[in-house]
Amino acid sequence: MVKNNDLLAVGHTALDYIIKVDEFPKANFSAPINDMKTFNGGAAANVAIVGATLGLNTALVSAVGGDFKNSDYYRKMNDLNVNTESLIIVPGETSPTAFVLTNNNDDQISYFYWGAAKEFAESKVPKKTIEESEAVHLATGDPDFNWKCSKEAKENDLLISFDPGQDLGMYSTEKLKDVLENTTILFGNHFEIERICDSLEVDIQGLRELGPEIVVKTCGANGSEIYSNDDKIVIDAIKTTAADPTGAGDSYRAGFLTRFLNGESLYESAKFASTVSSFIVEEQGCQTKAPSFDEAYERMSEFYKN
């Protein structure tokens, strides 16, 4: 089987309403919105788009509304040569929509309307697209569909990365274990990794023994930590003026996988990942300031001189 895709991203494609408020209101109260804009988003699509901008050959499996192929978002995917042959088109339904509220402390609350993504549960695994890929990244989406994709990918000896993100609460303990058994790299922010460990009653080493050879924990402005057989690697975050933290995690994953799938070390992959995310946070939107490979490499080389 010819491998046409370096990376297949599985999960949500969505429209993001990025909303800024001074503070989150209490129940039964309201708060004024300071700014609201609409951007292309969805965790899987973010990884596919940013990865493609960095030079990866990416493919995408998402459930989208019946009018999606008439959208500017779809045209952008085509312009970047993202393989969209396995999109799940749902007539009569809208594409998933996220409402992301950020306060003055950069804390976030998100509301997500699944829309067409409810069809994940009844959809068939895209076996042909998986077979044509070098690696599969499982992002936010239906737990059963993600598990079935992980099982198919493992049967094809592919690298499998997993980032349940804000859908972590949808996974039962057993389903989480099932996906982790097939996982090569587990991504999560510090809250998510701690929650996974607490749920499974393990530490990082115990988590790795369940399946993932590599655990990547992002810690916002405090950088990131990578756990593997080489123990723990700590990477500083690049200091920059952040306008919006939304999408930093997805872009980190795209940057990391771009380098790792091309044979780079965990250390080099994490430095590049941190650099890519530093571009994304400088403007609103998950994909607005996606850098080229050369732009990211130049900034990385300047910041991580040692």
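The values are calculated or read from the model by the stated rules, or taken from the named source; none is laboratory data. This structure is a prediction, so every number in the text was calculated from the model and none was measured. Cβ: placed from backbone, ideal geometry, glycine included. Neighbour counts: every protein chain shown. The protein model used for the area step is the full one, side chains on, heavy atoms only, and it has no ligands, DNA or RNA in it. Shrake-Rupley method; radii C 1.70, N 1.55, O 1.52, S 1.80 Å.
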Could you pull the accessible area for PHE293 with a 1.4 Å probe, rounded to 10 Å²?
60 Å²
Hz values of 3J(HN,Hα) by residue in the stretch 186-193 - Karplus curve (6.51, -1.76, 1.60), Gly and Pro given as x:
9, 9, x, 7, 5, 5, 5, 5
Could you give me the ³J(HN,Hα) list for the stretch 139-155, computed from phi with Karplus coefficients 6.51, -1.76, 1.60 and θ = phi - 60°, whole Hz, x at Gly and Pro?
9, 4, x, 5, x, 5, 5, 4, 5, 4, 5, 5, 5, 5, 5, 5, 5
Ignoring everything except DSSP H segments at least 4 long, calculate the 222 nm mean residue ellipticity for the chain; use -39,500 (n - 2.57) per segment, divide by total residues, nearest 500.
-10000 deg cm²/dmol
Those aspartates and glutamates that a straight Cα-Cα span of less than 16 Å connects to LYS26, excepting residues fewer than 8 apart in one chain:
ASP107
If the reach is capped at under 19 angstrom between alpha carbons, list the lysines near LYS151, excluding any in the same chain fewer than eight residues apart.
LYS3, LYS124, LYS127, LYS128, LYS175, LYS177
Based on Cβ point charges of +1 for Lys and Arg and -1 for Asp and Glu, what charge dipole magnitude is obtained for the chain about its Cα centre, in debye rounded to the nearest 20?
420 debye
Amide H within-cut-off set for GLY42, under 5 Å, with H built and near neighbours excluded:
ALA14
Given the candidates ASN40, ALA135, VAL179, the one whose Cα lies deepest towards the positive end of the charge dipole of the chain, counting +1 at each Lys or Arg C-beta and -1 at each Asp or Glu C-beta, is ASN40
Got the relative contact order for the stretch 32-143 handy, in percent, Cα pairs under 8 Å and 6 or more residues apart?
25 percent
Taking Cα pairs under 8 Å and at least six residues apart, what relative contact order does the chain come out at, in percent?
17 percent
If the viscosity is 0.890 mPa s and the temperature 25 °C, what translational diffusion coefficient in µm²/s does Stokes-Einstein give for the stretch 79-232 when Rh comes from Kirkwood over Cα pairs?
145 µm²/s
DSSP-loop GluC sites (Glu not before Pro) across the stretch 194-241, with at most 12 other Cβ within 10 angstrom
GLU201
Measure of compaction for the stretch 20-115 (Cα Rg per 2.2 N^0.38 Å)
1.29
With the contact rule set at Cα under 8 Å and sequence spacing of 6 or more, what percent relative contact order holds for the stretch 213-306?
25 percent
With r defined as the distance between the Cβ atoms of LYS305 and ASP106 and R0 fixed at 25 Å, what FRET efficiency is calculated, to the nearest 0.05?
0.35
Expressed to two decimals, the stretch 182-292 has a Cα Rg over Rh, using the Kirkwood radius, of 0.98
In Hz, Karplus ³J(HN,Hα) per residue of the stretch 280-289 (6.51, -1.76, 1.60; θ = phi - 60°; x = Gly, Pro):
4, 6, 6, 9, 5, x, 6, 10, 4, 10
When DSSP beta bridges are limited to those with both residues in the stretch 85-239, what percentage is antiparallel, rounded to the nearest 5?
60 percent
The chain - convex hull of alpha carbons, volume per residue in Å³:
134 Å³
Restricted to the chain, the DSSP antiparallel beta bridge percent, nearest 5, is 45 percent
